[in-house]
Protein chains: 2
Amino acid sequence: MLIAVDATGGDYAPREIVKGAIEAVSEYPIDIALVGNKAVLEMLLRRSTRKSNITIVPADQVIRDGEEPIQAVQNKPDSSVVVGINLVKDGTADGFVSAGSTGATVVASFLNLSLVKGIERLAVCAVFDANQPQPTFLIDVGVNANCRPIFLMQFAQMANILAHQVFGLDSPRVALLNIGEEEIKGNNLAKESYQLLKKTDLNFVGNIEGYDIFRGKADVIVTDGFTGNILVKTIEGYSEIIQNLLELQEASKLDRQLTGAALAQYVQMTSFIKKLDYKEYGGASLLGVNGNIVIAHGRSRAKAIKSAIYLAYLAAKQRVVEAIQNGQYAASV
Amino acid sequence: MLIAVDATGGDYAPREIVKGAIEAVSEYPIDIALVGNKAVLEMLLRRSTRKSNITIVPADQVIRDGEEPIQAVQNKPDSSVVVGINLVKDGTADGFVSAGSTGATVVASFLNLSLVKGIERLAVCAVFDANQPQPTFLIDVGVNANCRPIFLMQFAQMANILAHQVFGLDSPRVALLNIGEEEIKGNNLAKESYQLLKKTDLNFVGNIEGYDIFRGKADVIVTDGFTGNILVKTIEGYSEIIQNLLELQEASKLDRQLTGAALAQYVQMTSFIKKLDYKEYGGASLLGVNGNIVIAHGRSRAKAIKSAIYLAYLAAKQRVVEAIQNGQYAASV
């Protein structure tokens, strides 16, 4: 199995990306195609003992974070994102991971891989750990600011397949993010989506509220891309503050002031915050296109890249895209 | 100045409400009218040395949390919420604080106090401390699931008055909660609201994203009641987890394992989380009706009730309702 990895995108590219790729081929039964500047990548790989599992695919253009995605994708056919996604398109690679511009990855996937038949919109599904025994799936975290009820129903169906195929959840509990538990609560979109969701054969458990995300009430949480994006970024901002406070504790730990139960607690809290960050822990799957695409955080270091590669590997192994392609959508409800 | 307080609403009513009221009259230059069961309140006040500042207003009906608000308010004219709001309506009280059903308080305020002329919708404005030197105002956190751009513009104008009058912010930075900084970002509601907001005489600083809530980028944050409600409840859920982890640390502190810098850190983190909870720290103002109404958390204990009473006192003293009544809205843009 070959996973393509964007070696150019992300704040710590290419060094941390290459490091993550080397760790990934050491741990998982995969080969990796690093997409980026050939000379730089050859230099970074020179000392690696695992280079037999890593190939380099040259791509010399770079799409920067601030660029308008549609123009960037169209004007830079030799960018790492476009080249990487084309490796998936032509069947050379079984998946593609990028920590570069999310907008560019979404646009290039849409243009070059096209939507799965019957699917109205692609969406980003975050996989994170909300202090539960198994991961939680939140869809959509940012592609579709304006949604119709049918989009949300399809998001739920796709994320349900991901949760089932990749993480072996038998009958994932699917919930609609809303402002009250009752069926009649919410804005028009939520109310209408509820009606569609309850008619599917999903294990739809109804509405959940903001705090329920942390209370293990659902495996798959569905919302529009506006609410979902604000939600994950709010969590990110909160984590930053707690992280800053913990870093001072880290200093005091070094002073040997943090011992026993307090130290255990510190470790537990740090671990919780890290796992909550879907991009650090699991990554985010782009669902609804004919290809296996994983989005990693722009701030990804080696470990986060390895996690994202693992998600791409699992999705390929468990044939998530094929399962989504074989789904029944829309008119069937 | 007289502030009416709902002694019946909330998980710890009436005992913690009465305690909070006694603390409030000790600290602030106010009198309090406790609204609830006369016999019970007389008993609870018996030993207080501050009872000369506290009167009891009988109200024998109770609106429970699960009740449908409109029916409850109409069928229970002798409930503490309805009686308390009528004290504001007839000018007896300068404000009303309730930790009871938010829905009932909103409905009773709307029906009995009516909307300020020119205002399209009332809204709940949360006042909280996001680790900044001055408080942050988030509107709407839950009344209006479906909004039009003009609502958001008016929410901004009302919260701007609250921030200016009550907390002395000279020219509050008003921002629109969105999924990107650029003017063209967001769902249709956000895009259109942006256009309205930039034409007002507010100090509109543009869009902010979820993480910016914690980065001190704005004083007044405007959003629709669906997104706002999910946002505050997500923060609440996150805080619950951190709080649980800290409580274990508290135990270890008792073991004298937490000392020096680590202890200071623990105190700082606990304080941050408490202040972030707007209902514990500041409360939430119901803006847009002809009366000064403050909503406290259902789980309020004495200290939170005292905070909410303080907010009601400040709003009355600074004549927030009058300032909102004197505002220019809608057609003026």
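May I ask you to say which residue of A:Ala93, A:Ala104, A:Ala190 is within 16 Å of the chain's Cα centre (by Cα) and either at pLDDT 95 or above or within 14 Å of another protein chain (Cβ to nearest Cβ) (or both)? Give the steps one after another, and end with the answer.
On the way: A:Ala93 fails: within 16 Å of the chain's Cα centre (by Cα); A:Ala190 fails: within 16 Å of the chain's Cα centre (by Cα).
Just a single option satisfies the conditions, and that option is A:Ala104.
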Within region A:213-236, of all residues that are facing chain B (nearest Cβ under 7 Å) and over 18 Å from the mean Cα position of the chain (by Cα), the one nearest to A:Val141 (Cα to Cα) is A:Phe214
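Which of the residues that make up region A:98-129 are among the hydrophobic types (A, V, I, L, M, F, W, C) and within 30 Å of B:Ser239 (Cα to Cα)? Let's see the steps before the verdict.
Narrowing region A:98-129 to residues among the hydrophobic types (A, V, I, L, M, F, W, C): A:99, A:104, A:106-108, A:110-111, A:113, A:115-116, A:119, A:122-128.
A:Ala99, A:Ala123, A:Val124, A:Cys125, A:Ala126, A:Val127, A:Phe128, listed by residue number.
Would you please name the residue that is farthest from A:Ala13 (Cα to Cα), looking only at residues in region A:86-105 that are surrounded by 24 or more Cβ atoms within 10 Å (Cβ to Cβ) and out of contact with any Gly (no Cβ under 7 Å at 6 or more places or on another chain)? So that I can check it myself, show each step before the final result.
Our first condition is that a residue be surrounded by 24 or more Cβ atoms within 10 Å (Cβ to Cβ); within region A:86-105, this holds for A:88, A:93, A:95-101, A:104-105.
Now narrow it down to the ones that are out of contact with any Gly (no Cβ under 7 Å at 6 or more places or on another chain): A:93, A:95, A:97, A:104-105.
Working: A:Ala93: 21, A:Gly95: 19, A:Val97: 13, A:Ala104: 16, A:Thr105: 16 Å.
The qualifying residue farthest from A:Ala13 (Cα to Cα) is A:Ala93.
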Among (1) in contact with a helix residue (DSSP H, G or I) (Cβ under 6 Å, 6 or more places away or on another chain); (2) facing chain A (nearest Cβ under 8 Å); (3) more than 26 Å from B:Arg299 (Cα to Cα), where does B:Gln165 come up short? (2)
Please identify the pairs in which a residue from region B:111-123 that is at positive phi has its Cβ atom under 6 Å from the Cβ atom of a residue that is in a helix (DSSP H, G or I), counting only partners at least 6 apart or on another chain. B:Gly118/B:Ala330
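This table checks each residue for (1) within 18 Å of the chain's Cα centre (by Cα); (2) surrounded by fewer than 22 Cβ atoms within 10 Å (Cβ to Cβ); (3) modelled with pLDDT of 95 or more.
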| site | (1), (2), (3) |
| --- | --- |
| A:Glu68 | no, yes, no |
| A:Val81 | yes, no, yes |
| A:Leu111 | no, yes, yes |
| A:Arg121 | yes, yes, yes |
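Let's see how each residue does on (1) of a type in the set (Ser, Thr, Tyr); (2) part of a loop (DSSP other than H, G, I, E, B); (3) without any contact (Cβ under 8 Å) to a residue 40 or more places away in the chain:
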{"position": "A:Gly10", "(1), (2), (3)": "no, yes, no"}
{"position": "A:Val40", "(1), (2), (3)": "no, no, yes"}
{"position": "A:Ser52", "(1), (2), (3)": "yes, no, yes"}
{"position": "A:Ile63", "(1), (2), (3)": "no, yes, no"}
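Do any helices (runs of 4 or more DSSP H) entirely within region B:218-298 hold 2 or more residues that are at pLDDT 70 or above and within 30 Å of B:Lys317 (Cα to Cα), and if so, which?
B:225-254, B:260-276
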How many residues does region A:17-43 contain that are surrounded by fewer than 20 Cβ atoms within 10 Å (Cβ to Cβ) and in contact with a helix residue (DSSP H, G or I) (Cβ under 6 Å, 6 or more places away or on another chain)? 4
Of the residues B:Gln132, B:Gln154, only one is in contact (Cβ under 8 Å) with a residue 60 or more places away in the chain, of a type outside the set (Ser, Thr, Tyr), closer than 25 Å to B:Val232 by Cα and within 13 Å of chain A (Cβ to nearest Cβ); which? B:Gln132
Which condition breaks for B:Asp78 when tested against (1) touching a residue at least 24 places away in the same chain (Cβ under 8 Å); (2) touching a strand residue (DSSP E or B) at 6+ places or on another chain (Cβ under 7 Å); (3) more than 20 Å from B:Ala312 (Cα to Cα)? (1)
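For the structure I just gave you, tell me whether B:Ala126 is under 18 Å from the mean Cα position of the chain (by Cα), surrounded by 23 or more Cβ atoms within 10 Å (Cβ to Cβ) and assigned to a strand (DSSP E or B).
Considered against the rule, which asks whether it is under 18 Å from the mean Cα position of the chain (by Cα), surrounded by 23 or more Cβ atoms within 10 Å (Cβ to Cβ) and assigned to a strand (DSSP E or B), B:Ala126 comes out as yes.
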Within region B:14-35, can one find any residue that is out of contact with any Leu (no Cβ under 7 Å at 6 or more places or on another chain) and more than 29 Å from B:Arg319 (Cα to Cα)? no
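The values are calculated or read from the model by the stated rules, or taken from the named source; none is laboratory data. Not measured: the values here are computed from a predicted model. Virtual Cβ from ideal backbone geometry, glycine too; neighbours counted across all protein chains shown.
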